[in-house]
Amino acid sequence: MKGVILAAGYGTRFLPGTKTVPKEMFPLINVPVIHLIVDEMIEAGIADILIVTSRRKKALEDYFDREIELESTFAAEGADEKLARIKPIAANIFFLRQRQMAGTGDALLLCEPFIGDSPFVVAYPDDVLLSGPSLAGQLVELYQRTEMTVLAGQDLPDKDISRYGVVASHDEDGVEMVDAMVEKPPKGTEPSRLVAYGRYLYTPEIFTALRESRENFHGKEEFTQTEAINRLAAQGRVVVKRFEGRLLDIGTPMGYVRATIEYGLSQQDFRGELLDILRDVLRREGGS
């Protein structure tokens with residue numbers, strides 16, 4: 001099993017910050033978002049991870065490299081706690097640049113030489129798992145039972161789901177089979193309230209489906225993976241995992257602020273002081 005993180009996007013919602021700092025390097029308190037996703041993949045037993053970037057994102061490569069000067073300084077000081085914080089990631093991290101922003105379908109096709117004949121988990125860094133077992137691991141577990149492409153899904157009964165891929169499905173011997181995925185359906189036309197987002201586990205079959213989809217692509221919209229998924233679904237080759245845990249969307253500034261607060265509250269080192277700050281802010285806002 002291999003891993004892919006699609007991190008080539010511009011991050012325009014976060015300008016001007018993302019003019020020079022990759023959105024994936026924005027920290028939740030003190031840990032960059034992409035670090036949490038890599039940790040999730042490692043927890044799932046994934047040792048080889050490819051990060052698809054673009055030319056403005058050299059900071060990602062630097063982050064996952066060793067910092068020899070800091071290591072030497074902390075070792076000389078006997079600062080073991082600081083040394084532990086910068087220890088190398090326990091996985092092989094590879095990088096590939098997407099030279100043209102041609103959509104997620106294009107980005108996935110670029111990964112084929114790295115993937116070979118292996119199944120692989122794809123993560124979008126806009127979505128961070130705050131709690132629960134490794135989401136990548138949950139998909140791997142279902143793949144081991146079915147040997148099919150697996151979508152991560154959750155019911156969102158009370159939210160506007162018009163910006164998501166929405167799944168139509170049916171049960172087959174205790175496995176939820178995907179009939180189709182509708183990308184960004186207009187409100188009121190959704191086939192269900194089951195949304196697929198954040199993580200996908202693909203078999204190498206996806207590359208053939210992507211190439212077939214690209215033949216019908218006319219460039220009017222972004223070339224995504226949706227049509228390829230539907231091609232596989234029509235062959236009975238896609239399942240969905242209604243996953244456990246809390247997945248936070250940090251693709252917008254307010255989503256990022258919320259995730260930062262929730263992450264801070266989940267960490268004992270920050271929880272007490274952060275609660276005091278929030279109480280103080282609410283008290284002042286309430287008195288204004």
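The values are calculated or read from the model by the stated rules, or taken from the named source; none is laboratory data. What you see is a predicted model; the values in this text were computed from it and never measured. Because the Cβ atoms are built from the backbone with ideal geometry, glycine has one as well, and the counts that use them run over all protein chains shown.
Annotations
- Some residue of the stretch 207-218 being charged (D, E, K, R) and crowded, with 21+ Cβ neighbours inside 10 Å: no
- Residue that is farthest from Ala107 (Cα to Cα), among those in the stretch 1-42 that are without any contact (Cβ under 8 Å) to a residue 40 or more places away in the chain and part of a loop (DSSP other than H, G, I, E, B): Asn30
- Across the stretch 248-286, the qualifying residues are those that are aliphatic (A, V, I, L, M), closer than 17 Å to Gly11 by Cα and in contact with a helix residue (DSSP H, G or I) (Cβ under 9 Å, 6 or more places away or on another chain), and the one among them that is modelled with the highest pLDDT is Ala259.
- Per the listing Gly245, Gly251, Gly236, Gly188, the residue uniquely of a type outside the set (Val, Ile, Thr) and crowded, with 17+ Cβ neighbours inside 10 Å is Gly251.
- Note on the stretch 29-81: among residues that are closer than 22 Å to Leu135 by Cα and among the charged types (D, E, K, R), the one that is surrounded by the most Cβ atoms within 10 Å (Cβ to Cβ) is Glu40.
- Being within 18 Å of Tyr200 (Cα to Cα) and over 17 Å from the mean Cα position of the chain (by Cα) is a property that does not hold for Phe243.
- Among the residues of the stretch 125-166, those identified as of a type in the set (Val, Ile, Thr), at pLDDT below 95 and under 22 Å from Glu227 (Cα atoms) are Ile161, Val166.
- Sub-7 Å Cβ pairs linking a first residue in the stretch 273-288 that is surrounded by 10 or more Cβ atoms within 10 Å (Cβ to Cβ) to a second residue that is modelled with pLDDT of 90 or more and part of a helix (DSSP H, G or I), at least 6 apart or interchain, are Leu274/Gly264; Leu274/Leu265, ordered by first then second residue.
- For the stretch 228-235, the criterion of being in contact with a Gly (Cβ under 9 Å, 6 or more places away or on another chain), closer than 23 Å to Gly153 by Cα and not in a strand (DSSP E or B) is met by at least one residue.
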